[in-house]
1. Identify which of S70, S27, S93 has the largest mean-square fluctuation in a Gaussian network model of the chain, with springs joining Cα atoms closer than 10 Å.
2. Per DSSP helix of 4 or more residues, -39500 (n - 2.57); summed, then divided by the residues of the chain. What does that give at 222 nm, rounded to the nearest 500?
3. What are the semi-axes of the equivalent ellipsoid of the range 8-121, taken as the square roots of 5 times the eigenvalues of the Cα gyration tensor, listed largest first and rounded to whole Å?
4. Please list, in order along the range 38-52, the HN-Hα scalar couplings obtained from phi with the Karplus expression 6.51 cos²θ - 1.76 cosθ + 1.60 (θ = phi - 60°), rounded to whole Hz, x for Gly and Pro.
5. In the neighborhood of N65, defined by Cβ-to-Cβ distances under 9 Å, what is the net charge if each Lys or Arg adds +1 and each Asp or Glu adds -1?
6. Could you tell me the calculated FRET efficiency between D26 and L103, based on Cβ-Cβ distance and R0 = 35 angstrom, to the nearest 0.05?
7. Once both labels are modelled 7 Å past Cα along the beta-carbon direction, what's the D92-C39 spacing in nm?
8. What percent do you get for the relative contact order of the chain when only Cα pairs under 8 Å and 6+ apart count?
Amino acid sequence: MNTHKVTIANRAGATYDVDARRPLLDSLRDQGVDLPYGCKYGGCITCAAKLIEGSVDQRRQVALNNRQISNGYVILCVARATTDITLNIGVDSHDTLYRNPFLDPLKPHELKADIATAKDG
Ligand code: FES
């Protein structure tokens, strides 16, 4: 089994070994980590966490826009670790997850990849 180590920075640096082929949400919950979730297919954002270090494959997620991705958010129900990673989980990781769209609208390059259009010129 190809495993990676997951460190949860805001849970006193607790570490877990996860199977690289399984979604992080499943691997961590199986080991007793209490994580919220909803749809479990990458669409509702409930399971978002912040990636502090390392990388994941979360190509199947559809909940995050590009700004949330560049701020480090990962969707645990579909993300698989591709290296050892460090995460912040839970509400304390959500500082930049939600923004008021009227005060701080997304720029074209921050839209979801599937609805963004090429910039003119
Ligand atoms: S549980 Fe819905 S996006 Fe992960």
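Quick note: the coordinates plus some simple rules give every number you see, no bench work behind them. Note that the structure is a prediction, hence the values are computed from the model and not measured. Don't worry about glycine lacking a Cβ; one is built from the backbone with ideal geometry, like all the others, and counts go over all protein chains shown.
1. Residue with maximal mean-square fluctuation among S70, S27, S93: S70.
2. On the way: 2 runs with 12 residues, N = 121.
After summing the helix terms and dividing by residue count, I get -2000 deg cm²/dmol.
3. Working: eigenvalues 136, 45, 32 Å².
Its equivalent ellipsoid spans semi-axes of 26, 15, 13 Å.
4. Couplings: x, 6, 6, 10, x, x, 10, 6, 4, 8, 4, 9, 10, 7, 9 Hz.
5. My count for the surroundings of N65 gives +1.
6. Working: r = 36 Å, r/R0 = 1.04.
Approximately 0.45, to the nearest 0.05.
7. Roughly 2.9 nm, to one decimal.
8. Numbers: 218 pairs, mean separation 34.4, N = 121.
The normalised contact order for the chain reaches 28 percent.
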